[in-house]
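Take a look at the structure set out below.
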Amino acid sequence: MNFPTPLPASRAILKFGRDLSFARRRRRFSQASFAERVGVSLATLKRLEGGDPRVAFEVVARALHVLGEIDRIDKLLDTREDALGLVLMDEQLPMRVRSRKTSAAL
């Protein structure tokens, strides 16, 4: 089944492609040399920079690695900073916790 990409996701992917292109050019990499360093074809790099959502996430990770920005992937959904997730978990905490009864000493 092929579901349409939500508009906010499409916009984010397009922005990522533009930002990747800017980052590459700021580092003075040509598309050909950057594609070679990432290990992809020039066509794949052009699709990535153009915001094609079908480019594999592995390619995104490798491109970030070449740019020296791989640590950003770790921070995408850091569970320690997931405010909504933490609030939802806190709502499910029990009102009180009872200690377990222990069996008599042996």
Where a residue in region 41-56 is in contact (Cβ under 8 Å) with a residue 24 or more places away in the chain and its partner, wherever it lies, is surrounded by fewer than 18 Cβ atoms within 10 Å (Cβ to Cβ) and assigned to a loop (DSSP other than H, G, I, E, B), with Cβ under 8 Å and at least six apart | Pro53/Thr5
If you take the residues in region 52-106 that are basic (Lys, Arg) and in contact with a Leu (Cβ under 9 Å, 6 or more places away or on another chain), which one is nearest to Gly39 (Cα to Cα)?
-> Arg72
Could you please let me know if Phe29 is part of a loop (DSSP other than H, G, I, E, B) and closer than 18 Å to Ala61 by Cβ?
-> yes
For region 68-85 the number of residues that are assigned to a helix (DSSP H, G or I) and either in contact with a strand residue (DSSP E or B) (Cβ under 8 Å, 6 or more places away or on another chain) or under 15 Å from Phe16 (Cα atoms) (or both) is 2
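Being without any contact (Cβ under 8 Å) to a residue 12 or more places away in the chain and out of contact with any Ser or Thr (no Cβ under 6 Å at 6 or more places or on another chain) is true for just one of Ala9, Ala23, Ala61, Ala35. Which residue is that? If you could, list the steps in order and put the result at the bottom.
Details: Ala9 fails: without any contact (Cβ under 8 Å) to a residue 12 or more places away in the chain; Ala23 fails: without any contact (Cβ under 8 Å) to a residue 12 or more places away in the chain; Ala61 fails: without any contact (Cβ under 8 Å) to a residue 12 or more places away in the chain.
On inspection, the qualifying residue turns out to be Ala35.
Each row is one residue, and each column tells you yes or no for (1) surrounded by 10 or more Cβ atoms within 10 Å (Cβ to Cβ); (2) in a helix (DSSP H, G or I).
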position	(1), (2)
Lys15	yes, yes
Leu20	yes, yes
Arg24	yes, yes
Arg37	yes, yes
Thr44	yes, yes
Val66	yes, yes
Val87	no, yes
Arg96	no, no
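Bear in mind these aren't lab numbers, they're just calculated from the coordinates by the rules spelled out. A quick note: this is a predicted structure, and the numbers were derived from the prediction, not measured. Cβ coordinates were reconstructed from backbone atoms using ideal geometry, including for glycine residues, and neighbour counts include every protein chain displayed.
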